[in-house]
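*Asks:* I am attaching a structure below and will ask some questions about it afterwards.
Computed from the coordinates by the stated procedures, all read-outs in this text should not be read as laboratory data. Fair warning: this is a prediction, and the values are worked out from it, not measured in the lab. So basically every Cβ, Gly included, is an ideal-geometry build from the backbone, and we count neighbours across all protein chains shown.
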């Protein structure tokens, strides 16, 4: 019997992915909307496959890969996300994920990713694979590579013109945390002010 766990805070994703997984022969598909639910279900059921969104609230999906692998060591983790930044794909693989797929992909691509992981092979979309390979063989350094997932999230919202309070509300963090993260971004990226952060976000395709 094949089992899967979908970890995503959007119920609509559960419906679509759940149907695709059942079509692919999964007998049981468990669903988690939070990190706590995900850890509990992973430990209780030991799924064969985990479909994980990086944009999970709280600790974030990237930081969940390790704990999920510990609780369900036999599970192959497929990151299924709107985030197409190469640095996140590389970090997800380093953390233990076996696949990385954009939510903009077609259903057939999702099924191909699932089948690839079932063969214990690595799956990356062509675009992501080329970018990750370039990064690993010494291609041009990504200015965002040193940023944490939270810093990426804040930078993206800054690039969209959001103020710190709106960013705090959107990410479920305190205003102080949003302000501190903004300061860290300026230091890491060499930006003198918020305007320069906005420009950097736009130039790097974050906004």
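*Asks:* Within 10 Å, count the other beta carbons around each residue, average over each peptide in 154-164, 64-74, 190-200, and list them highest first.
*Replies:* Going by the mean number of other Cβ atoms within 10 Å, highest first, we get 154-164, 64-74, 190-200.
*Asks:* Starting from 0.36 nm per residue, how many nanometres of slack lie between residue 82 and residue 187 once their C-alpha separation is accounted for?
*Replies:* 35.1 nm
*Asks:* Any idea what angle helix 126-136 forms with the longest principal axis of the chain, computed on alpha-carbon atoms, 0 to 90 degrees, nearest 10?
*Replies:* Taking the Cα atoms of the chain, the angle to 126-136 is about 60 degrees.
*Asks:* Based on the Cα coordinates of region 149-203, what is the per residue volume of their convex hull in Å³?
*Replies:* Spelled out: Cα convex hull of region 149-203, divided by residues, is 65 Å³.
*Asks:* Now for a different question. Say R0 is 25 Å: what FRET efficiency, to the nearest 0.05, do residue 121 and residue 9 get from their beta-carbon distance?
*Replies:* 0.30
*Asks:* Of 189, 101, 21, which is the most mobile in a GNM of the chain whose springs link Cα atoms less than 10 angstrom apart?
*Replies:* Most flexible of the set in this elastic network: 189.
*Asks:* Quick one: Cα centre-to-centre distance for region 1-39 and region 42-57, in angstrom?
*Replies:* Going from one Cα centre to the other spans 8 Å.
*Asks:* For a footprinting-style exposure proxy, rank 45, 10 by other Cβ within 10 Å, fewest first.
*Replies:* Ranking 45, 10 by Cβ neighbours within 10 Å, fewest first, gives 10, 45.
*Asks:* Under 1.5 on a/c is rounded, so check that first for region 1-131, then, if it is not, pick prolate when a/b is larger than b/c and oblate when it is not; a ≥ b ≥ c are the square roots of the alpha carbon gyration tensor eigenvalues.
*Replies:* rounded
*Asks:* Take the chain, connect every pair of alpha-carbon atoms lying under 10 Å apart with a spring to form a Gaussian network, then pick out the residue of 149, 94, 84 with the largest mean-square fluctuation.
*Replies:* Maximum fluctuation in the GNM of the chain, among the listed residues, is at 94.
*Asks:* Here's a follow-up. According to the square roots a ≥ b ≥ c of the eigenvalues of the Cα gyration tensor, what is the shape class of region 14-87, taking rounded for a/c under 1.5, prolate for a/b larger than b/c otherwise, and oblate for the remainder?
*Replies:* oblate
*Asks:* Can you give the % of DSSP beta bridges in the chain that are antiparallel, to the nearest 5?
*Replies:* Approximately 0 percent, going by the DSSP bridge assignments.
*Asks:* Say a paramagnetic label sat at a point 7 Å from the Cα of residue 34, along Cα to Cβ; which residues of region 163-182 have their backbone N under 16 Å from it?
*Replies:* Only 172-173 pass the distance filter.
*Asks:* If you don't mind, there's one more thing I want to ask. With each pseudo-label sitting 7 Å past Cα toward Cβ, what's the residue 166-residue 2 distance in nm, one decimal?
*Replies:* Result for the modelled spin labels: 4.4 nm.
*Asks:* Ranked highest first by the average count of other Cβ atoms within 10 Å around their residues, in what order do 111-122, 49-60 fall?
*Replies:* Ranking the peptides 111-122, 49-60 by packing returns 49-60, 111-122.
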